[in-house]
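Throughout, read-outs are computed from the coordinates displayed, never taken from laboratory work. Computed from a predicted structure; not experimentally measured. Positions of Cβ are backbone-derived with ideal geometry, glycine not excepted, and every protein chain shown enters the neighbour counts.
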Amino acid sequence: TPSSSDVQLTEEAVKRYLIRKPMTTKDLLKKFQTKRTGLSSEQTVNVLAQILKKLNPERKNINDKMHFYLTE
Amino acid sequence: SSSEADEMAAALEAELNDFI
């Protein structure tokens, strides 16, 4: 059964993903799809932007695409 | 859809522009 809030877009959740492996903005957006978080597209973009600015992750290019990552 | 995902990624990157 689909739930409107089986995934939460939080700083902790983003941190966990970025510690595990480098991700593009699109990879992150896939992890926090609007149908799973219950947020609108605009809210998702705004919240994720705030979280990324706060976490200030490392960046590197892989296959010409910018990836964010964190070390523990 | 993937085009919506592309638009969201572009919007997010624009938000992060000064930061990146």
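Selection within the stretch A:43-72: residues that are within 8 Å of chain B (Cβ to nearest Cβ) and part of a helix (DSSP H, G or I). The member of this set that is farthest from B:Met8 (Cα to Cα) is A:Lys53.
Here is a check on your reading of the model: is A:Val14 part of a helix (DSSP H, G or I), β-branched (Val, Ile, Thr), closer than 18 Å to B:Glu15 by Cβ and facing chain B (nearest Cβ under 9 Å)? In short, no.
Under the condition of being basic (Lys, Arg) and within 18 Å of A:Ala13 (Cβ to Cβ), the residues counted in the stretch A:40-67 number 2. Within the stretch A:19-72, the set of residues being touching a His at 6+ places or on another chain (Cβ under 8 Å) and within 15 Å of B:Ala11 (Cβ to Cβ) comprises A:Thr24 only.
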